[in-house]
Amino acid sequence: MAREFTTVGVVGLGTMGAGIAEVFARNGFEVVGVEQSDEQLQRGRTHIHQSTNRAVRRGKLDPQDQQAIFHRLTLTRSMSDLADCDLVVEAVVERLDLKRSIFSQLDKIVRPDAVLATNTSSLSVTEIAASTSQPGRVVGLHFFNPAPVQQLVEVVRTVVTEPAVVEEVQGVARRLGKNPVTVGDKAGFIANALLLSYLNRAAAFYESRYASRADIDAAMRVGCGYPMGPLALLDLIGLDTAYQILETMYGESRNRLHAPTPLIKQMVTAGLLGRKTGRGFYTYEAADNPTVVVADAETPSPDPDPHRARSLRRIGVVGSGPLANGIVKAFGNGGLEVSHAADLGSLQQVGEEDLVVEAVSDDPEEKKAVLEHLGKVCGPDAILATTITDITAVPVVEIAVATGRQQDVVGLHFIDPTASSDLVEVVSTVSTSADVTATVQALVMALGKQPVLCGDRAGFVVNALLFPYLNDAVRMLDDHYASADDIDTAMKQGCALPMGPFEVLDMVGTDVSLTIQRQLYRESREPGLAPAPLLEHLVTAGYLGRKTGRGFREYSAP
Ligand code: 3HC
């Protein structure tokens, strides 16, 4: 029968360590927290105070229980105070030499039957274990930020971890109300391996000024329902931690997509580590304070410049499918007068309008034909917008040049094919005039939708960030590192994403996902973006997801 652990040590009381200590103390364990200095101990205590105060304020914890938490918590600078612990969780900074030195000390301090765990985000648990005399009792126990909130813990088993130790630690995780997912010792485990490449890509987008900070974040929050945008999440995780994880992942994989984008290193060097230092991609009221200062809380895309945005009186829509109908409805709901031309033959009906949206089909050739005619029939001041769907597969500029007046052309990507989503990507090509973009941005806002301004690159913002992550998940599955269920659970319960990657792939369709991934790969020729072979095989086999009753999973009804 598994032992009942009662006393747990936590070494390192930074953001994660303090959260971990809190979780154990809240669940009835006696906790011994160790830090190097009184200052760091005080910081850890304040962290737990703030977190439990918040729970008291929200009526989730009564004040007596808060006191009991602090009674169960001993804070000390002496590692020898860990001698009676059944389990010690190390949560110091991501430095292998430091972790190995702590484990070799712990090995001599704790009882021979005590379990030693590391909360490392990406370092090799095996290498850490090798610094002890009993590597069989060393395991990874990886929590997610904020530790009291996220339900997932990854239990990392090395090739020498004793099975009984894994079971005991899984049991402890369950006593904490967490869901343990057990994985092998590979850099980034499940969640970080998938999350960090996505965050790195988002930071690179920001670095290349492809879209603004707030637009990148809004794109993923509004477009995918993520609880936080990637740049805000980097600030939460800490840029130093993110940098370290990416470095380790790159060291293991040599995948260029894991190499930290230079901006991350520069910010780390400058001390802009995110929330913990009060400044990262955003500026916070103080260190460890989650409130973004007002001056810095840039609205998603700066408001359209009123001097630039043209006034629009009349709007036309071309097309007869669900997208065109959805756009007509959205304009109508926004109180705009809309004329509607079903096809190429009736374009004269929109010839007088100030802005015409083409939504005829997914086919670039049909789009070009319509745009070419619109370029002729519309007045010289008219703006022409072309809708790009997930499978259009050409840059906006290729369609725009057909008009012979490409400065007047902008791309629109509605995240939802019926235009009912709240997010619209407004795509400027190399030729689009600034006033054209500003006008369309203002229009999207007037419809009560969220515009995201971006350049004319494959996948724009949402797809370019989402699909490489999905593709990485497919590779992970194909490598037999984790099951689809474990990967979905890890992303939903570790990062609070609304759906796991395989749920998304089956919903979107493996065929559509493959088309998007191919576009991303074709544009960049980046080997890490090549579609995962398993995705190709599913499409070849006709397993297209929910719509065919089978994709990564089987469904009783499409
Ligand atoms: N500590 C404790 N509790 C916290 C907290 C904190 N720092 N921040 C928020 N909470 C609690 C709140 O008290 C509230 O609890 P309740 O529902 O019981 O009342 C709940 O979380 C929701 O909080 P808020 O309403 O204040 O705020 P949001 O709804 O905006 O949620 C969030 C904030 C929990 C941070 C949410 O945005 C989220 O889950 N974001 C994703 C974070 C993520 O991806 N984490 C994983 C990062 S990767 C990682 O950690 C691994 C490492 O190795 C790098």
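The values are calculated or read from the model by the stated rules, or taken from the named source; none is laboratory data. Please read all numbers here as calculations on a predicted model, not as lab measurements. All Cβ positions, glycine included, derive from the backbone under ideal geometry; neighbour counts span all protein chains shown. Just so you know, the surface numbers come from the protein's heavy atoms only, side chains and all, with ligands and any DNA or RNA stripped out. Shrake-Rupley method; radii C 1.70, N 1.55, O 1.52, S 1.80 Å.
Taken over the stretch 208-233, the residue count meeting the criterion of being open to solvent by less than 10 Å² (accessible area, probe 1.4 Å), among the hydrophobic types (A, V, I, L, M, F, W, C) and within 13 Å of the ligand (Cβ to nearest atom) is 2.
For the residues Met228, Met220, the requirement of being over 22 Å from Met476 (Cβ atoms) and under 18 Å from the mean Cα position of the chain (by Cα) singles out Met228. Being open to solvent by less than 80 Å² (accessible area, probe 1.4 Å), more than 19 Å from Val165 (Cα to Cα), away from the ligand (no atom under 16 Å from the Cβ) and of a type in the set (Val, Ile, Thr): is that true of Thr52 here? Answer is no for this residue. Residues satisfying the criterion are absent from the stretch 495-503 (criterion: touching a strand residue (DSSP E or B) at 6+ places or on another chain (Cβ under 7 Å), aliphatic (A, V, I, L, M) and under 30 Å from Pro146 (Cβ atoms)).
A single member of Leu534, Leu520, Leu477, Leu465 is among the hydrophobic types (A, V, I, L, M, F, W, C), in a helix (DSSP H, G or I), open to solvent by less than 20 Å² (accessible area, probe 1.4 Å) and away from the ligand (no atom under 16 Å from the Cβ), and it is Leu520. Remark: pairs (first residue in the stretch 182-198, at positive phi; second residue open to solvent by less than 20 Å² (accessible area, probe 1.4 Å) and part of a loop (DSSP other than H, G, I, E, B); Cβ separation under 7 Å; 6+ apart in sequence or on different chains) = Gly188/Ser122.
With a requirement of 1 or more residues that are within 29 Å of Phe460 (Cα to Cα) and at pLDDT 95 or above, the helices (runs of 4 or more DSSP H) lying completely within the stretch 162-259 that satisfy it span 191-207, 213-224, 230-237, 239-253. The set of residues from the stretch 392-413 being touching a residue at least 40 places away in the same chain (Cβ under 8 Å) and out of contact with any strand residue (DSSP E or B) (no Cβ under 9 Å at 6 or more places or on another chain) comprises just one member, Ala393.
Counting only residues that are more than 18 Å from Ser428 (Cα to Cα) and open to solvent by 30 Å² or more (accessible area, probe 1.4 Å), the stretch 364-403 holds 9 of them. Here Ser421 meets each of (1) touching a residue at least 40 places away in the same chain (Cβ under 8 Å); (2) open to solvent by less than 10 Å² (accessible area, probe 1.4 Å) with one exception, condition (2). Among the candidates Phe205, Phe189, the residue that is of a type in the set (Phe, Trp, Tyr) and more than 14 Å from the ligand (Cβ to nearest atom) is uniquely Phe205. Any chance the stretch 3-10 includes a residue that's modelled with pLDDT of 95 or more, outside any loop (DSSP other than H, G, I, E, B), of a type outside the set (A, V, I, L, M) and more than 22 Å from Arg175 (Cβ to Cβ)? No, because not a single residue in the stretch 3-10 is modelled with pLDDT of 95 or more, outside any loop (DSSP other than H, G, I, E, B), of a type outside the set (A, V, I, L, M) and more than 22 Å from Arg175 (Cβ to Cβ). Selection of the stretch 40-97 for residues being at pLDDT 95 or above, in a loop (DSSP other than H, G, I, E, B) and closer than 30 Å to Gly188 by Cβ yields Cys85, Asp86, Ala91, Val92.
Taken together, the residues in the stretch 492-503 that are within 16 Å of the ligand (Cβ to nearest atom) and either under 12 Å from Cys224 (Cβ atoms) or open to solvent by 20 Å² or more (accessible area, probe 1.4 Å) (or both) amount to 8. Considered as a group, the residues in the stretch 504-517 that are of a type outside the set (Val, Ile, Thr) and open to solvent by 10 Å² or more (accessible area, probe 1.4 Å) include one that is nearest to Asp390 (Cα to Cα), and that residue is Asp511.
Residue by residue, here is whether (1) open to solvent by 10 Å² or more (accessible area, probe 1.4 Å); (2) among the polar types (S, T, N, Q); (3) within 16 Å of the ligand (Cβ to nearest atom); (4) in a helix (DSSP H, G or I) holds:
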{"position": "Leu141", "(1), (2), (3), (4)": "no, no, yes, no"}
{"position": "Asn145", "(1), (2), (3), (4)": "yes, yes, yes, no"}
{"position": "Glu154", "(1), (2), (3), (4)": "no, no, yes, no"}
{"position": "Val160", "(1), (2), (3), (4)": "yes, no, no, no"}
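Let me spell it out: the conditions are (1) part of a helix (DSSP H, G or I); (2) aromatic (Phe, Trp, Tyr); (3) touching a Cys at 6+ places or on another chain (Cβ under 7 Å), and Phe460 meets all of them except one. Which number is the exception? Checking Phe460 against (1) part of a helix (DSSP H, G or I); (2) aromatic (Phe, Trp, Tyr); (3) touching a Cys at 6+ places or on another chain (Cβ under 7 Å), the one that fails is (1).
Regarding Glu22, is this residue surrounded by 22 or more Cβ atoms within 10 Å (Cβ to Cβ), more than 16 Å from the ligand (Cβ to nearest atom) and not hydroxyl-bearing (Ser, Thr, Tyr)? No, not satisfied. Just one of the listed residues (Leu98, Leu61) is touching a residue at least 12 places away in the same chain (Cβ under 8 Å) and either open to solvent by 70 Å² or more (accessible area, probe 1.4 Å) or not aromatic (Phe, Trp, Tyr) (or both), namely Leu61. Of the listed requirements (1) more than 16 Å from the ligand (Cβ to nearest atom); (2) closer than 27 Å to Ala242 by Cβ, Thr76 misses just one: (2).
The condition of being open to solvent by 20 Å² or more (accessible area, probe 1.4 Å), out of contact with any Phe, Trp or Tyr (no Cβ under 9 Å at 6 or more places or on another chain) and either within 24 Å of Ile102 (Cβ to Cβ) or modelled with pLDDT under 95 (or both) does not hold for Glu30.
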